[in-house]
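Structure, as structure tokens:
The values are calculated or read from the model by the stated rules, or taken from the named source; none is laboratory data. Remember, it's a predicted structure, so these values are computed and weren't measured experimentally. Here Cβ is always computed from backbone atoms with ideal geometry, including for glycine, and neighbour counts include all displayed protein chains. The accessibility values were calculated without ligands, DNA or RNA, using every heavy atom of the protein model including side chains. Shrake-Rupley method; radii C 1.70, N 1.55, O 1.52, S 1.80 Å.
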Amino acid sequence: MHARVLAALRRTAFLLERELASTHRVKAFRAAATTVTRTPADELARRVADGSLEQLPGVGRTTAALVVDVAAGRRPAYLVDLEERQEPLVDPADEGAAGGAALRAALRGDLHLHSDWSDGGSPVEDMAVTAVEIGHEYAALTDHSPRLKVARGLSPARLRRQLALLEELAAPLAPFRLLSGIECDVLADGSLDQEPELLDALDVVVASVHSDLRMERRAMTRRMVRAVRDPRTDVLGHCTGRYVQPREGVGKARPESEFDAEEVFAACAEAGVAVEVNARPERLDPPLRLLRLAVEAGCLFSVDTDAHAPGQLDWQERGCARAARCGVPPERVVNTWPVEDLLAWTADHAHRPG
């Protein structure tokens, strides 16, 4: 029973995260799953029998009802309703649907995800285990850099502690590879927000603009080009910074930053830096017209979820459909490559598979 209860709680949390449900609802099921993990099987069975589940920390009325249903051999009504209302991430009629499905099948990993070390909602281990469950061979943990204080960006000392944690997790997760990484803030002058020697030690560096998004066009172009030309940058993250719909905690959509896309993408192509196809529903960045420009410029790409919770790792299908719609060649998508080729590319930006 223990394993079945835990699986049902985790599946419920995953689906809530996938549909961007409120953090409060998701945490209720994640907290209950943690409690179940720590509760001996005989005690769990006793509490189901005597109706005292809600006395356990992190277990409320809804989560207790789910546990009771599973213990009785029933499919939990809450989970059934959640499964039935899940909508496809991509409309089957979308012109990129078929190509996107093929690209998603070719993906081996995700190069942009967050944990509760910065502004994600789950521990590193939960993010990694879910990545394994959805079929990834690798994923890069890319929590934020120090300047982004609102997102609890990692100071150099905290990043070093995280790197030690990744070393501890390597053997238990094998053969899956949890790559070290960062989403590094691009500062106003185009420099990267972390100690250079620490960036050199990481497997993957995603460079993203998070501040001064209304900067004048020429200044923003210079800023982005300098970041792209930094040899430590591997991926240019969500390049326009837009929100096409409000996100949690933000009351309105946000327009694109203004910059010379042809110049920035030419710099990406020259430097061997990948342009991110960000699959978050509120970002969907770059816009299709810019994604087509990046294809014409000869850029590499990385289709990423920018996941802040385990269920959001399922969003890649949406990004793949957008990539396919714009004619992104699958062989230019770096996270279709085996991990050895990926790491050879992040080391010198010149390596290509085969």
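Model label points for A7 and E125, set 7 angstrom from Cα along the Cα-to-Cβ axis, are 2.0 nm apart.
Rounded to the nearest whole Å², what accessible area per residue is found for the chain with the 1.4 Å probe? Before the final figure, lay out each step's value.
Numbers: 15040 Å² over 354 residues.
That works out to 42 Å² per residue.
Quick query: amide H of L111 versus all other amide H atoms, modeled in the peptide plane; which residues come in under 5 Å with a sequence gap of 5 or more or a different chain? HN-HN under 5 Å from L111: A140, T305.
Carbon and sulfur atoms: what percent of the 1.4 Å accessible area of segment 218-297 do they account for?
Values: 1470 of 3150 Å².
On segment 218-297, the fraction of accessible area on carbon and sulfur atoms equals 47 percent.
Our summary gives segment 88-165 a relative contact order of 26 percent, counting only alpha carbon pairs under 8 angstrom and 6 or more residues apart.
Computed from Cα atoms alone, the Kirkwood hydrodynamic radius reported for segment 167-233 is 13.3 Å.
I need the peptides 268-277, 156-165 ranked by packing, meaning the mean over residues of other C-beta atoms within 10 angstrom, with the highest value on top. Could the numbers behind the result be given before it?
Working: 268-277: 23.4, 156-165: 14.5.
Put in order of decreasing packing, that is 268-277, 156-165.
Which angle from 0 to 90°, rounded to the nearest 10, does the C-alpha axis of helix 316-325 make with the longest principal axis of the chain? Here the helix axis deviates by roughly 40 degrees.
Round to a whole number: what % of the accessible area of segment 123-187 belongs to carbon and sulfur, probe 1.4 Å? Provide the component values of the computation, followed by the final result.
Values: 1620 of 2780 Å².
Carbon-and-sulfur percentage of accessible area, whole number: 58.
Secondary structure note: in the chain, about 10% of the DSSP beta bridges are antiparallel. Taking every C-alpha pair closer than 8 Å and separated by at least 6 residues, the mean separation divided by the residue count of the chain gives a relative contact order of 18 percent. Could you tell me whether segment 277-354 comes out rounded, prolate or oblate from its Cα gyration tensor? Rule is a ≥ b ≥ c as square roots of the eigenvalues, rounded for a/c under 1.5, then prolate if a/b exceeds b/c, otherwise oblate. Since a/c reaches 1.5 but b/c is at least a/b, the shape of segment 277-354 is classed as oblate.
Size descriptors for the chain: radius of gyration and Dmax over Cα atoms are 21.0, 68 Å. Viscosity 1.002 mPa s, temperature 20 °C: give me the Stokes-Einstein translational D for segment 149-263 in µm²/s, with Rh taken as the Kirkwood radius over C-alpha pairs. For these conditions, the coefficient is 137 µm²/s.
Please report the net charge: other residues with Cβ closer than 15 Å to the Cβ of E43, K and R +1, D and E -1.
Working: positive: R38, R46, R47; negative: D42, D50, E54.
Taking every other residue near E43 into account, the sum is 0.
Evaluate segment 215-265: find the radius of gyration of its Cα atoms, find its Kirkwood radius, and give the ratio Rg to Rh.
1.04
Rounded to the nearest 500, the helix-only mean residue ellipticity at 222 nm of the chain stands at -14000 deg cm²/dmol, with each DSSP H run of n ≥ 4 adding -39,500 (n - 2.57).
Compute the Cα gyration tensor for segment 53-181, then decide on rounded, prolate or oblate, letting a ≥ b ≥ c be the square roots of its eigenvalues: rounded whenever a/c is under 1.5, prolate when a/b is larger than b/c in the other cases, and oblate in all that remain. Here segment 53-181 falls in the oblate category.
Expressed as a whole percent, the accessible surface of segment 1-62 that belongs to carbon and sulfur atoms is 55, based on a 1.4 Å probe.
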